[in-house]
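The values are calculated or read from the model by the stated rules, or taken from the named source; none is laboratory data. None of the values given here were measured: they were computed from a predicted structure. Note that each Cβ is placed from the backbone with ideal geometry, even for glycine, and that neighbours are counted across all protein chains shown.
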Amino acid sequence: MINCRFLGNACIELIGKKDHIIIDPVFLSPPREGIGRVFITHEHSDHINVNKLDEICEKYTENAEWLAIYGPKIVCDNFHFNILEVEPKTKVNLKDGIVEVFENECWKSEGCVAYLIEISGKRILHTADSSNFSNQLRAIKAEIDCCFVACFESNFNDYLDFIKKISPKLIIPYHFTNEKVDSARKFIEFFKKNGINTQYLKIGDQFEF
(Lines give C-alpha, C1' and ligand atoms only; values in the text may rest on other atoms or scores of the structure.)
Protein backbone atom coordinates (compact mmCIF):
# COMPACT_ATOMS: atom_id res chain seq x y z
CA MET A 1 0.00 0.00 0.00
CA ILE A 2 1.16 3.54 -0.84
CA ASN A 3 0.13 6.83 0.68
CA CYS A 4 0.18 9.32 -2.20
CA ARG A 5 0.00 13.03 -1.32
CA PHE A 6 -0.32 16.12 -3.55
CA LEU A 7 1.49 19.05 -1.95
CA GLY A 8 0.96 21.81 -4.53
CA ASN A 9 2.70 22.88 -7.74
CA ALA A 10 4.12 19.63 -9.21
CA CYS A 11 5.11 18.26 -5.81
CA ILE A 12 3.97 14.79 -4.84
CA GLU A 13 4.97 12.70 -1.85
CA LEU A 14 4.96 8.89 -1.88
CA ILE A 15 5.13 6.89 1.33
CA GLY A 16 5.43 3.12 1.07
CA LYS A 17 6.25 0.41 3.56
CA LYS A 18 10.01 0.98 3.21
CA ASP A 19 10.43 4.09 1.04
CA HIS A 20 9.52 7.74 1.48
CA ILE A 21 10.17 10.03 -1.47
CA ILE A 22 9.21 13.47 -2.71
CA ILE A 23 9.27 14.77 -6.28
CA ASP A 24 9.75 18.42 -7.28
CA PRO A 25 9.86 19.75 -3.71
CA VAL A 26 8.25 23.16 -4.11
CA PHE A 27 5.48 22.23 -1.72
CA LEU A 28 2.66 24.47 -0.53
CA SER A 29 1.41 21.93 2.00
CA PRO A 30 4.13 20.46 4.24
CA PRO A 31 5.37 16.90 3.71
CA ARG A 32 5.64 14.32 6.47
CA GLU A 33 8.79 13.42 8.33
CA GLY A 34 11.00 10.58 7.17
CA ILE A 35 11.87 11.58 3.59
CA GLY A 36 14.80 9.54 2.28
CA ARG A 37 14.98 10.53 -1.39
CA VAL A 38 14.17 13.61 -3.45
CA PHE A 39 13.72 13.59 -7.24
CA ILE A 40 13.73 16.77 -9.32
CA THR A 41 12.48 16.96 -12.92
CA HIS A 42 14.08 20.22 -14.09
CA GLU A 43 15.57 23.55 -13.15
CA HIS A 44 12.56 25.88 -13.03
CA SER A 45 11.71 27.62 -9.76
CA ASP A 46 8.29 25.97 -9.51
CA HIS A 47 10.03 22.56 -9.46
CA ILE A 48 13.12 23.15 -7.32
CA ASN A 49 13.61 25.65 -4.53
CA VAL A 50 16.75 25.75 -2.40
CA ASN A 51 14.85 26.96 0.66
CA LYS A 52 12.50 23.99 0.41
CA LEU A 53 15.45 21.60 0.14
CA ASP A 54 16.94 23.20 3.26
CA GLU A 55 13.59 22.79 5.00
CA ILE A 56 13.49 19.10 4.10
CA CYS A 57 16.99 18.65 5.53
CA GLU A 58 16.09 20.48 8.74
CA LYS A 59 12.58 19.15 9.40
CA TYR A 60 11.51 16.24 7.24
CA THR A 61 14.33 13.73 7.01
CA GLU A 62 15.60 11.48 9.77
CA ASN A 63 19.23 12.20 8.87
CA ALA A 64 20.22 14.90 6.36
CA GLU A 65 23.47 13.04 5.62
CA TRP A 66 21.46 10.05 4.36
CA LEU A 67 19.16 12.12 2.15
CA ALA A 68 19.70 11.37 -1.56
CA ILE A 69 18.73 14.05 -4.10
CA TYR A 70 18.48 13.20 -7.82
CA GLY A 71 18.11 15.41 -10.86
CA PRO A 72 19.13 15.86 -14.51
CA LYS A 73 22.35 17.60 -15.53
CA ILE A 74 20.68 21.01 -15.87
CA VAL A 75 19.71 20.84 -12.18
CA CYS A 76 23.18 19.65 -11.09
CA ASP A 77 24.78 22.52 -13.02
CA ASN A 78 22.56 25.22 -11.53
CA PHE A 79 22.30 24.24 -7.86
CA HIS A 80 24.98 23.66 -5.25
CA PHE A 81 23.31 20.86 -3.34
CA ASN A 82 24.92 17.44 -3.59
CA ILE A 83 22.63 16.25 -6.39
CA LEU A 84 23.12 12.87 -8.02
CA GLU A 85 22.84 13.21 -11.78
CA VAL A 86 20.32 11.09 -13.65
CA GLU A 87 19.54 10.91 -17.34
CA PRO A 88 16.97 9.09 -19.48
CA LYS A 89 17.16 5.30 -19.04
CA THR A 90 18.79 5.67 -15.60
CA LYS A 91 17.30 3.36 -12.97
CA VAL A 92 17.48 4.16 -9.26
CA ASN A 93 16.90 1.27 -6.86
CA LEU A 94 14.65 1.89 -3.87
CA LYS A 95 14.34 -0.31 -0.80
CA ASP A 96 11.08 -1.71 -2.14
CA GLY A 97 10.98 -0.70 -5.78
CA ILE A 98 12.70 1.25 -8.53
CA VAL A 99 12.59 4.65 -10.23
CA GLU A 100 13.04 4.82 -14.00
CA VAL A 101 14.06 8.08 -15.67
CA PHE A 102 12.51 9.09 -19.00
CA GLU A 103 13.30 11.71 -21.58
CA ASN A 104 10.83 14.55 -21.30
CA GLU A 105 10.06 17.90 -22.88
CA CYS A 106 9.03 20.80 -20.67
CA TRP A 107 8.43 24.43 -21.56
CA LYS A 108 11.73 26.35 -21.87
CA SER A 109 13.71 23.66 -20.02
CA GLU A 110 17.07 22.46 -21.29
CA GLY A 111 16.92 19.00 -19.79
CA CYS A 112 13.66 17.95 -18.18
CA VAL A 113 13.01 14.33 -17.20
CA ALA A 114 9.98 12.31 -16.10
CA TYR A 115 9.96 9.64 -13.40
CA LEU A 116 8.16 6.30 -13.33
CA ILE A 117 8.19 5.20 -9.72
CA GLU A 118 7.48 1.61 -8.80
CA ILE A 119 7.01 1.41 -5.06
CA SER A 120 5.32 -1.25 -2.95
CA GLY A 121 4.05 -2.92 -6.11
CA LYS A 122 2.41 0.20 -7.60
CA ARG A 123 3.56 2.37 -10.53
CA ILE A 124 3.18 6.16 -10.50
CA LEU A 125 4.20 8.36 -13.43
CA HIS A 126 5.27 11.97 -12.74
CA THR A 127 5.39 13.97 -15.99
CA ALA A 128 6.65 17.34 -14.63
CA ASP A 129 4.75 20.03 -16.60
CA SER A 130 5.06 18.43 -20.02
CA SER A 131 2.46 18.66 -22.75
CA ASN A 132 4.79 17.66 -25.59
CA PHE A 133 5.54 14.16 -24.36
CA SER A 134 8.65 12.40 -25.65
CA ASN A 135 8.57 9.29 -27.79
CA GLN A 136 10.19 7.43 -24.89
CA LEU A 137 7.27 8.31 -22.63
CA ARG A 138 4.72 7.47 -25.30
CA ALA A 139 6.30 4.04 -25.71
CA ILE A 140 5.81 2.99 -22.06
CA LYS A 141 4.31 -0.49 -21.99
CA ALA A 142 4.26 -1.06 -18.24
CA GLU A 143 0.89 -0.92 -16.51
CA ILE A 144 0.61 2.45 -14.78
CA ASP A 145 -1.58 2.72 -11.72
CA CYS A 146 -1.56 6.51 -11.49
CA CYS A 147 -0.31 9.27 -13.77
CA PHE A 148 0.10 12.90 -12.67
CA VAL A 149 -0.42 15.41 -15.49
CA ALA A 150 -0.25 19.22 -15.53
CA CYS A 151 -3.55 21.02 -16.05
CA PHE A 152 -2.97 23.98 -18.35
CA GLU A 153 -6.25 24.38 -20.22
CA SER A 154 -4.62 25.18 -23.57
CA ASN A 155 -2.97 21.74 -23.52
CA PHE A 156 -5.92 19.52 -22.59
CA ASN A 157 -6.01 17.83 -25.99
CA ASP A 158 -2.26 17.15 -25.84
CA TYR A 159 -2.70 15.49 -22.45
CA LEU A 160 -5.62 13.44 -23.74
CA ASP A 161 -3.64 12.18 -26.72
CA PHE A 162 -0.83 11.06 -24.42
CA ILE A 163 -3.13 9.41 -21.90
CA LYS A 164 -4.77 7.39 -24.66
CA LYS A 165 -1.30 6.14 -25.68
CA ILE A 166 -0.27 4.81 -22.26
CA SER A 167 -3.69 3.99 -20.74
CA PRO A 168 -3.05 4.54 -17.01
CA LYS A 169 -5.67 3.29 -14.57
CA LEU A 170 -6.06 6.76 -13.05
CA ILE A 171 -4.94 10.28 -13.90
CA ILE A 172 -4.67 13.16 -11.46
CA PRO A 173 -4.23 16.83 -12.42
CA TYR A 174 -1.50 18.74 -10.63
CA HIS A 175 0.84 21.68 -11.14
CA PHE A 176 -1.49 24.28 -9.67
CA THR A 177 -1.63 26.59 -6.66
CA ASN A 178 -4.54 27.53 -4.43
CA GLU A 179 -5.28 30.40 -6.82
CA LYS A 180 -5.46 28.09 -9.86
CA VAL A 181 -7.77 25.31 -8.70
CA ASP A 182 -10.27 26.10 -11.47
CA SER A 183 -7.84 24.73 -14.05
CA ALA A 184 -7.76 21.38 -12.23
CA ARG A 185 -11.55 21.24 -11.98
CA LYS A 186 -11.89 21.97 -15.71
CA PHE A 187 -9.35 19.20 -16.33
CA ILE A 188 -11.52 16.75 -14.37
CA GLU A 189 -14.62 17.75 -16.33
CA PHE A 190 -12.82 17.47 -19.68
CA PHE A 191 -11.38 14.03 -19.02
CA LYS A 192 -14.56 12.59 -17.56
CA LYS A 193 -16.40 13.70 -20.72
CA ASN A 194 -13.78 11.72 -22.67
CA GLY A 195 -14.30 8.59 -20.59
CA ILE A 196 -11.01 8.80 -18.68
CA ASN A 197 -10.82 7.80 -15.01
CA THR A 198 -9.61 10.86 -13.14
CA GLN A 199 -9.59 12.14 -9.58
CA TYR A 200 -9.25 15.63 -8.13
CA LEU A 201 -6.89 16.16 -5.23
CA LYS A 202 -6.82 19.53 -3.56
CA ILE A 203 -3.48 20.70 -2.19
CA GLY A 204 -2.69 18.66 0.90
CA ASP A 205 -5.02 15.83 -0.08
CA GLN A 206 -3.93 12.20 -0.13
CA PHE A 207 -5.16 8.78 -1.12
CA GLU A 208 -4.02 5.22 -0.50
CA PHE A 209 -3.84 2.45 -3.04
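Hey, among Ile83, Ile98, Ile22, which residue is closer than 28 Å to Ser134 by Cα, of a type outside the set (Lys, Arg) and out of contact with any Cys (no Cβ under 9 Å at 6 or more places or on another chain)? Explain how you work it out, then say what you get.
Details: Ile83 fails: out of contact with any Cys (no Cβ under 9 Å at 6 or more places or on another chain); Ile22 fails: out of contact with any Cys (no Cβ under 9 Å at 6 or more places or on another chain).
The match here is Ile98.
Against the condition surrounded by fewer than 18 Cβ atoms within 10 Å (Cβ to Cβ) and within 21 Å of Asp19 (Cβ to Cβ), how does Lys165 come out, does it pass? Even if it seems obvious, please write down each step before you answer.
Numbers: surrounded by fewer than 18 Cβ atoms within 10 Å (Cβ to Cβ): yes; within 21 Å of Asp19 (Cβ to Cβ): no.
No; evaluated as a whole, the condition is false for this residue.
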Is there a residue in region 60-77 that is under 20 Å from Asp129 (Cβ atoms) and in contact with a helix residue (DSSP H, G or I) (Cβ under 6 Å, 6 or more places away or on another chain)? no
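Table: residues versus (1) closer than 27 Å to Asn157 by Cα; (2) in contact with a Leu (Cβ under 9 Å, 6 or more places away or on another chain).
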residue	(1), (2)
Asn51	no, no
Ile56	no, yes
Pro72	no, no
Ile83	no, no
Val86	no, no
Lys91	no, no
Glu103	yes, yes
Gly121	no, no
For the list (1) surrounded by fewer than 22 Cβ atoms within 10 Å (Cβ to Cβ); (2) assigned to a strand (DSSP E or B); (3) not hydrophobic (A, V, I, L, M, F, W, C), I need the number of the one condition that Lys89 fails. (2)
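Report, by residue number, each residue of region 185-205 that is of a type outside the set (Ser, Thr, Tyr) and buried (at least 16 other Cβ atoms within 10 Å of the Cβ). Write out each step before concluding.
If we filter region 185-205 for residues that are of a type outside the set (Ser, Thr, Tyr), which is where we start, we get 185-197, 199, 201-205.
Answer for region 185-205, where residues must be of a type outside the set (Ser, Thr, Tyr) and buried (at least 16 other Cβ atoms within 10 Å of the Cβ): Phe187, Ile188, Phe190, Phe191, Ile196, Leu201, Ile203.
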For region 92-108, how many residues meet the condition of being crowded, with 18+ Cβ neighbours inside 10 Å, of a type outside the set (Gly, Ala, Ser) and part of a strand (DSSP E or B)? 6
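Just for strands (runs of 3 or more DSSP E) wholly inside region 1-78: which have at least 1 residues that are among the β-branched types (Val, Ile, Thr)? Before the answer, list the steps.
Working: elements: 3-8, 11-15, 20-23, 37-39, 68-71.
Answer list for region 1-78: 11-15, 20-23, 37-39, 68-71.
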The conditions are (1) of a type outside the set (Gly, Ala, Ser); (2) closer than 17 Å to Phe79 by Cβ; (3) out of contact with any helix residue (DSSP H, G or I) (no Cβ under 6 Å at 6 or more places or on another chain), and His20 fails exactly one of them. Which is it? (2)
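Being acidic (Asp, Glu) and either touching a residue at least 40 places away in the same chain (Cβ under 8 Å) or at positive phi (or both) is the filter here; which residues of region 115-164 pass it? Spell out the reasoning first.
We begin by selecting, within region 115-164, every residue acidic (Asp, Glu); these are 118, 129, 143, 145, 153, 158, 161.
Asp129, Asp145 - these are the residues of region 115-164 that are acidic (Asp, Glu) and either touching a residue at least 40 places away in the same chain (Cβ under 8 Å) or at positive phi (or both).
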Among the hydroxyl-bearing types (Ser, Thr, Tyr) and touching a residue at least 12 places away in the same chain (Cβ under 8 Å) - does that describe any residue in region 79-90? no
For Ser131, indicate whether it is crowded, with 16+ Cβ neighbours inside 10 Å and closer than 22 Å to Gly8 by Cα. yes
Residues satisfying the stated conditions in region 189-209, i.e. at pLDDT 95 or above and touching a Leu at 6+ places or on another chain (Cβ under 9 Å): Phe190, Phe191, Asn194, Ile196, Asn197, Thr198, Gln199, Ile203, Gly204
Would you kindly identify the helices (runs of 4 or more DSSP H) lying entirely within region 109-209 that contain at least 3 residues that are of a type in the set (A, V, I, L, M)? 156-166, 181-193
